[in-house]
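Next up is a structure, given as structure tokens.
The values are calculated or read from the model by the stated rules, or taken from the named source; none is laboratory data. In this text the structure is predicted, and so the values were computed from the model without any measurement. Ideal geometry is used to build each Cβ from the backbone, glycine not excepted, and the neighbour counts take in all protein chains shown.
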Amino acid sequence: MIEVVLNDRLGKKVRVKCNEDDTIGDLKKLAAAQTGTRADKIRIQKWYNIYKDHITLKDYEIHDGMGLELYYN
Amino acid sequence: MANRTDPLAKSIHGTNPQNLVEKIVRSKIYQNTYWKEQCFGLTAETLVDKAMELDHLGGTFGGNRRPTPFICLVMKMLQIQPDKDIVVEFIKNEDYKYVRILGAFYMRLTGTVTDVYQYLEPLYNDYRKLRRKTSEGSFSLTHVDEVIDELLTKDYSCDIALPRVQKRWTLETTGVLEPRKSVLDEDFEEEEEEKEEEEQAALEDDTHEKDYHGRSPTRDRERDRKRDKQYRDRDRDRDRDYDRDYPRGRERDRDRDRDRDRDRDRDRHRLRDERDYGRERDRDREWEGRDRDRDRRDRDRGRRRSRSRSRSRDRRERDRDDVDHRKRRARGSTSPHRRPEDDINSREEQLKKKKEKKEKKSDGTDHPDPEIAEANRLRASLGLAPLK
């Protein structure tokens, strides 16, 4: 179980607990539940790399405590 | 300058019509090449030509959320605001299904509630296939009546938040709309009559087994005609709901018989019926035990689907569902809607539910750490495995 930090730099900073084998899509759903936006409106990036929905966190090498950028579609 | 709404255009739902589309999606559309090249200086007539060239519908797709031509044309229609007659022409035309869908979508966004139901419901009878672009960028198959159903029941489609429309039965009770008359009604009545005749024949002849396979040939033909069974049943379920409400005074018994017969056949499909107004009808039905179970399942599903932002509400919902959970947390209050547990039927179902819940607890919702238990509950509600 890892904890990922999603920050949109405009005031929304969300800590999401998830598994390593969760996909980005699942992470978006969890983040949506916490922030209150819709899951399909969320975009997770790391410096111009837009993370795709069907790939797991493990494959993206996202570790515990790592920060990701939260953008909106 | 090209992106400004026609100054003569009326405001829709109290706002600039283009504002019906959200800011981010709107910006994406304005930056799109299709919009800049093809949609510049379109009028109502030239818009028709562009609409005829459409070959798929959808919202935005891909990682950077590119808009589809469909949604660009929707935006263009919002910008130039064609007359209602033109939009109705779009909807009524039979040849070009994407033009139809475009008209229907625009009507859903801008029309009044009565207009929406009046013009979109005839499209339920259109079973043609459509190509839909998903948000990943691939295509999926859908049908005209599915899309219309989505427009009338959901509040979000093709990346545009649809304005609220009241439920159909609200409008029926206030008398604004007529109860829905489906094309399938005559077929139901035929089948009903045939079943009655069959039952009479069965009473007379002891050896005659009730053969439900012996359905009317019209019905079989009907089945071949329809593409997807689930959506046919959904449509029929909806009809059943309307029919049950409508002839309340006069033909109540007849409808009850009809419904009872239908229940037998379509119980399994009933569980899939997720519409709100179906739930109210459930209470009227005779088979209470089964209804209660279904009621509970439907309601629970509905509750989970409702976007519960606050975590405490999630917790409370779970407590209502799980008797053991409630005892453990020592929350004595039960919601007023909770059925009395003295009922024998519901007790059996509770035992069943307890078994289900016990399996579910291996999901991790009973984790000693409350934060993790909470997270697991949320995950279970989203359909994800528990935390490791």
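Give me a count of the residues in region B:44-76 that are within 14 Å of chain A (Cβ to nearest Cβ) and not in a loop (DSSP other than H, G, I, E, B).
Residues flagged as within 14 Å of chain A (Cβ to nearest Cβ) and not in a loop (DSSP other than H, G, I, E, B) within region B:44-76 amount to 6.
Using the structure shown, decide if residue B:144 is more than 25 Å from residue B:13 (Cβ to Cβ), touching a helix residue (DSSP H, G or I) at 6+ places or on another chain (Cβ under 8 Å) and of a type in the set (A, V, I, L, M, F, W, C).
yes
Among the residues of region B:126-159, write down those that are in contact with a Gly (Cβ under 8 Å, 6 or more places away or on another chain) and more than 14 Å from chain A (Cβ to nearest Cβ).
Passing the criteria: only B:132.
Restricted to region B:172-190, and to residues that are touching a Phe, Trp or Tyr at 6+ places or on another chain (Cβ under 7 Å) and not charged (D, E, K, R), which residue is surrounded by the fewest Cβ atoms within 10 Å (Cβ to Cβ)?
If we take residues in region B:172-190 being touching a Phe, Trp or Tyr at 6+ places or on another chain (Cβ under 7 Å) and not charged (D, E, K, R), then B:179 is surrounded by the fewest Cβ atoms within 10 Å (Cβ to Cβ).
So which of A:40, A:64, A:21 is at pLDDT below 90 and on the phi < 0 side of the Ramachandran plot?
Matching residue, one of A:40, A:64, A:21: A:40.
Here's a follow-up. Please verify whether region B:13-25 includes one or more residues that are at pLDDT below 90, over 15 Å from residue B:100 (Cα atoms), touching a Pro at 6+ places or on another chain (Cβ under 8 Å) and in a loop (DSSP other than H, G, I, E, B).
So far as region B:13-25 goes, yes, one or more of its residues are at pLDDT below 90, over 15 Å from residue B:100 (Cα atoms), touching a Pro at 6+ places or on another chain (Cβ under 8 Å) and in a loop (DSSP other than H, G, I, E, B).
Kindly state which strands (runs of 3 or more DSSP E) lie completely within chain A and contain at least 2 residues that are within 25 Å of residue B:22 (Cα to Cα) and in contact (Cβ under 8 Å) with a residue 24 or more places away in the chain.
Filter on chain A gives A:2-7, A:42-46, A:67-72.
Going through region B:4-54 one residue at a time, which ones are polar (S, T, N, Q) and without any contact (Cβ under 8 Å) to a residue 24 or more places away in the chain?
B:11, B:15, B:16, B:19, B:27, B:31, B:33, B:46
Would you mind stating whether residue B:89 is at pLDDT 90 or above, over 22 Å from residue B:21 (Cβ atoms) and more than 14 Å from chain A (Cβ to nearest Cβ)?
yes
Just checking, which of A:3, A:20, A:61 is more than 9 Å from chain B (Cβ to nearest Cβ), more than 11 Å from the chain's Cα centre (by Cα) and surrounded by fewer than 17 Cβ atoms within 10 Å (Cβ to Cβ)?
Selected residue: A:61, the only one of A:3, A:20, A:61 that is more than 9 Å from chain B (Cβ to nearest Cβ), more than 11 Å from the chain's Cα centre (by Cα) and surrounded by fewer than 17 Cβ atoms within 10 Å (Cβ to Cβ).
Out of all the residues in region A:28-43, which are facing chain B (nearest Cβ under 10 Å), more than 20 Å from residue B:367 (Cβ to Cβ) and of a type in the set (A, V, I, L, M)?
Once the filter is applied, which keeps residues that are facing chain B (nearest Cβ under 10 Å), more than 20 Å from residue B:367 (Cβ to Cβ) and of a type in the set (A, V, I, L, M), region A:28-43 yields A:32, A:39.
If I ask for residues that are aliphatic (A, V, I, L, M) and more than 10 Å from chain B (Cβ to nearest Cβ), which ones from region A:6-17 would you list?
Scanning region A:6-17 gives A:6, A:10, A:14.
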